[in-house]
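The values are calculated or read from the model by the stated rules, or taken from the named source; none is laboratory data. All of these numbers come straight from a predicted model, not from anything done at the bench. No Cβ is skipped: glycine too gets one built from the backbone with ideal geometry, and neighbour counts run over all protein chains shown.
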Amino acid sequence: MQSVLKRCARKIAFILLGWLMVQGLLIAAPVGAALQHGSWMTKPNQVVAHGGSPTGTSSIFGVVTDSTGAGVSGVCIKASSPGFGEGNTVTDASGNYTVSGLAAGGYQVVADGTCEGTQTSSYETQRTRSLVTLVTGASFQVNFSFVLGGGSISGQVTDPNGAGVAGVCLSAYQGGEGDGYGFALTDANGNYTVSALAPGSYSFNVQPGCTGPSPYSWQIFNPETVTTDATTTQNAVLFVADNSISGQVTKSVGVGLPNVCIYVGPASGGAGATGSTITDANGNYTVSGLPPGMYDMYVDPLCDLQLASPFEGQHLSVTVVEGSSPTVANVTLPEGGMVSGQVTNSTGAAVPGVCVNDQIENSTGWITSDVAGNYTVSALAPGSFTEFADPTCNGTKSSTYISQYQVNDPVVVTSEQTTTNENFVLEQGASTPAPPPSGVSASAFGSPTSVVTSAQLPTLIALGYNGETETLSVPTDALGSGTTVSAYPITNPSALDVSSVPGSTYVDGFGITWDNGGSTSPASSPITLTMSDPSIVPGDSIWIVTSTGPVLVPSSDAVITNGSATVTFTSDPVFLVLHTVLAVQSSLSVSTSSGRLGTPLALTTSGGSGTGAVTYTVVDGTAMGCEVSGSRLTASSVGTCVVTATKASDSSYFAGNSAPTTVTLAPRVRPAALSMSFTAGSSAVSPAAKRSLLSLSKKLRAGDSVVVTGYAKDNPALAKSRASAVARYLLSRVRIHESLKAVTHVAMNKVTVTTTKL
């Protein structure tokens, strides 16, 4: 049981899973199989098998490319699972990677060019939006297409006295249907920047203690909104907190419940610390290290679906007040029951990764079968349930098995009892995909995703092609039970004959075919395909492409919004292509020509056309370490950097690039000598002097050298004390090299600060 808590404490992504769900940042359970009494789950991802891997292990492989299709090297890949471990690797010179030696189970895959903030990257970090389900002995492909730019979150982390705190980990997580994911580590002054974030809303985590022991509490800020080519500022003051929440978790009869997971996080829209623990043998718990504030607490007897329990989870709002620790929060959990069984095929072999759903008017639960095909749906209210097994998990992955209702329905659930042997034997559908669309070159298509329809449930396919989410929806009985439906992504648009659409450019598209023993139209209602792609904008159009050329889809059958296009259709095969009519932008140029080392230089452009966002790329000229974050240019030495600007496409114009432009960074201007007065006989730094020193600190950088000279007639101790007081205050703002001097032959009550080396 302790391993469950250690696993939660070890990975912040799992500790904070509940608070991301509270903020609406995690994917909910499938339709008709809603969240199991507050439990936190992500939908399994659609994956495609590609041959075998070593016996008893699974692997994930793929390639990371940029917008031109070139491989991106040095990208850190992490495949992690809350129940099955993790694996890590780095892309090679061609952008290829393989994470091997993984146990069967559900994994999230992250492609991170910053390697958790340890290096810089111009590319947005990406992750699979839902879990990749691995089967023993098989390899699965997950590709990532990186994009440049994005926004950033920047600020300073300080202690209660205002001094910067180094070595604090920052992480930003964009849940739901967003890809955003980023990391950073505070520098010697507590400053940080989490860059290259996709636009959207983030849960932002401040994590002291990630690189060594720390007396401070973790904090969460949410939501934080990030926009393209802009910096969101988020400063954090760390707390040395000694308040806590304590209590007892009991059954309705007052008996303590052991091994219940407790998760605490800041209330919605607020900030504060996080914590987790597990109840002892008598149901008692304490979560400590909390600063005052409003908190959401989730009492989870399932421990994030790592355990089985007949009791339902509970959410509470708790207010922690300074000096009143501990805050008492006792919880009585409602009693329920459980249903267990095994999912197998007609040969008796276990079928893992199948979503098993139990439904009744006032209670719903679901779980995924494990590697042995076993399942236990927990915390169900007493009553008679309808139960079904869905191998596609509501269309989020491909399967050749057909969904099935429990033949023993209704399934009767009793409080604190387990209804056993509710087994499913799934029928196998067609093992091969439907043929590719006819009349169009087969070289235009990639590998298909296929699913077998059911007469009992709607069929959904979440395609997840090229980093985007496409969804195909087939209504119940539209094609008949057992029909194989295949979706073919377009990987070679140049093979399409779209010359009859002048001025248009390809954005996204799929070929949809099915095989049910004949090419028939849907029997009840049209099939729907939704394509999600940030390049889609109103004014685009959808076309059916056949051997006779493209035909515009009527507006009555197409809905196009920013980021998505939906089309309904009835013919088989059908081939859908999204186009947009664009013009070439006017000449774009970088307007900025010079700046100074040590001060981020704001880049600007002139010319260009349309409303597309401007991003920048940079390479070293004669200067070293040239980097661009958003629109700000920095370097580690004087000289020149070569900057290229790109203005993105919009509904009217193609993307446009400027010519490479040389920007010169001159040496920093040495600050003027600073002089400040002291009261006779005193070494106390006045408020006016502090303001002057604060202004000076903003002009200095770590590693600069200054001379601090204290004056006091015939009193060397006082002169040195004054110089030391000024040095201490300046060092609290910027880490520089300081030399102290004392002058006693001049009748002055002052201190001077002179910059000697930049």
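Worth a mention:
- All strands (runs of 3 or more DSSP E) inside segment 169-259 with 1 or more residues being out of contact with any helix residue (DSSP H, G or I) (no Cβ under 7 Å at 6 or more places or on another chain) and more than 11 Å from residue 153 (Cβ to Cβ): 169-173, 181-185, 191-197, 200-207, 219-226, 243-250
- The condition (being surrounded by 13 or more Cβ atoms within 10 Å (Cβ to Cβ), outside the structural domain of residue 505 (by TED's automatic domain parsing) and without any contact (Cβ under 8 Å) to a residue 24 or more places away in the chain) is satisfied by just one residue among 693, 731: 731.
- Any hit, segment 110-126, residues being of a type in the set (S, T, N, Q), in contact (Cβ under 8 Å) with a residue 40 or more places away in the chain, assigned to a strand (DSSP E or B) and under 13 Å from residue 65 (Cα atoms): yes
- Residue in segment 593-616 that is in contact with a strand residue (DSSP E or B) (Cβ under 9 Å, 6 or more places away or on another chain), charged (D, E, K, R) and surrounded by fewer than 15 Cβ atoms within 10 Å (Cβ to Cβ) present: yes
- Test: residue in segment 179-187 that is surrounded by fewer than 23 Cβ atoms within 10 Å (Cβ to Cβ), closer than 30 Å to residue 632 by Cβ, over 19 Å from the mean Cα position of the chain (by Cα) and not assigned by TED's automatic domain parsing to the domain that holds residue 702: yes
- Filter result (surrounded by fewer than 21 Cβ atoms within 10 Å (Cβ to Cβ) and not in a strand (DSSP E or B)) within segment 632-647: 636, 637, 638
- Checking each residue in segment 345-392 for being touching a residue at least 24 places away in the same chain (Cβ under 8 Å), surrounded by fewer than 20 Cβ atoms within 10 Å (Cβ to Cβ) and at positive phi picks out only 383.
- Residues satisfying the stated conditions in segment 147-168, i.e. modelled with pLDDT of 80 or more, in a loop (DSSP other than H, G, I, E, B) and either in contact with a Lys or Arg (Cβ under 7 Å, 6 or more places away or on another chain) or crowded, with 17+ Cβ neighbours inside 10 Å (or both): 165, 168
- Of the numbered criteria (1) touching a Leu at 6+ places or on another chain (Cβ under 9 Å); (2) surrounded by fewer than 13 Cβ atoms within 10 Å (Cβ to Cβ), the one residue 680 fails is (1).
- Taking segment 413-447 as the range and being touching a Gly at 6+ places or on another chain (Cβ under 8 Å) and in a strand (DSSP E or B) as the test, the residues that pass are 413, 418, 419, 424, 445.
- Scanning segment 557-584 for residues that are among the polar types (S, T, N, Q) and either without any contact (Cβ under 8 Å) to a residue 24 or more places away in the chain or more than 28 Å from residue 515 (Cα to Cα) (or both) yields 561, 562, 580.
- Considering 599, 611, 661, the condition of being within 28 Å of the chain's Cα centre (by Cα) and of a type in the set (S, T, N, Q) is satisfied by 611 alone.
- Evaluated against (1) without any contact (Cβ under 8 Å) to a residue 60 or more places away in the chain; (2) in contact with a strand residue (DSSP E or B) (Cβ under 8 Å, 6 or more places away or on another chain), residue 554 falls short on exactly one condition, (2).
- Looking only at residues in segment 505-522 that are among the β-branched types (Val, Ile, Thr), at pLDDT 80 or above and over 24 Å from residue 653 (Cα atoms), the one that is surrounded by the most Cβ atoms within 10 Å (Cβ to Cβ) is 512.
- Any hit, segment 629-640, residues being in contact with a strand residue (DSSP E or B) (Cβ under 7 Å, 6 or more places away or on another chain) and within 30 Å of residue 752 (Cα to Cα): yes
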